[in-house]
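Working notes, structure below.
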Amino acid sequence: MTPTAALLAALSLPLTTVTLGYVLLCWVRPFGPCPHCHGTARTTSRIGRRTRPCRHCDHTGLRLRIGRRAYNTLRRLLP
Ligand SMILES: [Zn+2]
């Protein structure tokens, strides 16, 4: 085995593991916490530091993961 092939094999295993883990996560839990409000569904306004409902997640605290959104789009596009 050449050093290049050994390096490629060593790099491909972690990448494959991380990718399959993310695919599994998108399948099991398609919704993740909203990055804007961190899952609390409330955000602070700039004036007065009052809390108000988060408009990015429609006051749910959840957002569809990017991988699941891509999967849904591909499923709609492909017959
Ligand atoms: Zn939110």
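Only the coordinates and a few stated rules stand behind these numbers; no lab work does. All values derive from a computational prediction rather than experimental measurement. Neighbour counts are summed over all protein chains in view; Cβ atoms, including those assigned to glycine, are modelled from backbone coordinates with ideal geometry.
Annotations for the structure displayed:
- Number of positions in segment 39-54 that are part of a loop (DSSP other than H, G, I, E, B) and near the ligand (Cβ under 8 Å from one of its atoms): 4
- Single residue of segment 55-79 satisfying the filter (in a strand (DSSP E or B) and among the aliphatic types (A, V, I, L, M)) that is nearest to the chain's Cα centre (by Cα): LEU64
- Taking residues in segment 29-42 that are at positive phi and surrounded by 13 or more Cβ atoms within 10 Å (Cβ to Cβ), and partners anywhere that are of a type outside the set (S, T, N, Q) and not in a loop (DSSP other than H, G, I, E, B), the pairs with Cβ atoms closer than 6 Å and at least 6 places apart or on different chains are GLY39/PRO33.
- Scoring ASP58 on the criteria (1) charged (D, E, K, R); (2) in contact (Cβ under 8 Å) with a residue 40 or more places away in the chain; (3) within 16 Å of the ligand (Cβ to nearest atom) leaves a single failure, condition (2).
- GLY21 small (Gly, Ala, Ser), out of contact with any Gly (no Cβ under 6 Å at 6 or more places or on another chain) and assigned to a strand (DSSP E or B): no
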